[in-house]
Every structure is written in C-alpha cells, then in structure tokens.
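Structure first, then comments.
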Amino acid sequence: MNMKHTILIAALLAAPTVQASGGGESFAATQPKWKAECSSCHIAYPPKLLPAASWKTMMGSLDKHFGTDASLDAAATTEILAFLEKNASRRKPEPSAKPVLRFTETRWFQSEHDEVSARLWKDPRVKSPSNCAACHTKAENGDFNEHNIRLPR
C-alpha cells in the first residue's frame, strides 16, 4: 500500500460519522468532542433531530443553553458545529420565522409520539419529552428503535 492510500484510510477511520438505519430509528454517531461535551449533561442528541440552521443557532447561544451556561471554547464550538451541520436533518424545515431549538417541538417528533399520554410525559420517571432514555432503553447509543422501548409503569 502506498502512502496516499495509507493517509486516505487513516482519514476515513478517524472521520466522524452518523449512520441511520431502519427508517431513521437508529443513529450510531461518533465524534468524540460532540459526544463528550453534549453527553456531560444529557444524552448527545443525534444531529438528525434538527436541521443545520437550528444547530447553528443553538451552538451560537451556548451561554444561554436552556437556562444553563454550556459555553465551550471557540475551537470546540467550531468542531462540534461542523459535525452537527454535516449530519443535520434534511427534512423540510418547520414553517416558522426562526429555527426550532427543541426537537420535541418538531412535527416529526410530535407525530412519532402522538400516542404518548400527557400523564406519561408528567411521570416523575420521564419528566419531559426530551428525556429520551426514560423510554428508549438504548437512546444513549443512538438507538431509538421501537423494539427497545420500555414505558415506565
């Protein structure tokens, strides 16, 4: 193998990826900085949950991240934003004047969860629709397959 092939293989192995399978039910995302920073407070939500414009807005206001200062240095912000934008949703954007920042407010999320009762969302074990891991047992691995759902009882 020549040097050019060695460099190409090394670059491909190191590249961050998001793989969707089963109609978008599973997202195996790898990007060390994104995974470490985002999952330090909550699961690292798959980039495909929001369009690029939403991620750009969110990453530009980390000092006011849903009531918390989640600021990062400029290099980390740039690296994570590039990953999020590259792997963002390609769905038609929401018909609103500004980007949606909560994936739980997207039409897609609402239609996927329309059978979930208000009582379940308020259950102390669930707390909010953004707590994916309360029902999706493999959410931390990016797996949202319906076969891996366990509703709190």
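FYI, it's all coordinate maths here, none of it is from the lab. Quantities reported herein were computed from a predicted structural model and do not represent experimental measurements. Neighbour counts are summed over all protein chains in view; Cβ atoms, including those assigned to glycine, are modelled from backbone coordinates with ideal geometry.
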Pairs over 27 Å Cα to Cα, from LYS64/LYS98; LYS98/LYS138; LYS33/LYS138; LYS86/LYS122; LYS33/LYS122, come to LYS98/LYS138; LYS86/LYS122; LYS33/LYS122
Expressed in angstrom, Rg and Dmax over the Cα atoms of the stretch 113-153 are 9.7, 27
Residue-ordered couplings for the stretch 121-135, obtained by feeding phi - 60° into the Karplus form 6.51 cos²θ - 1.76 cosθ + 1.60 and rounding to whole Hz (Gly and Pro as x), are 4, 8, 4, x, 7, 9, 6, 7, x, 7, 8, 3, 5, 5, 10
Ordered by number, the GluC sites (Glu not before Pro) in the stretch 76-130 that occupy a DSSP loop and have at most 11 other Cβ atoms within 10 Å are GLU115
Footprinting proxy, ASP114, ASP63, ASP143, ASP123: sorted fewest to most Cβ within 10 Å, the residues are ASP114, ASP63, ASP123, ASP143
Of the stretch 106-121, those with amide N under 12 Å from the point 7 Å along the Cα→Cβ vector of ARG153 are none
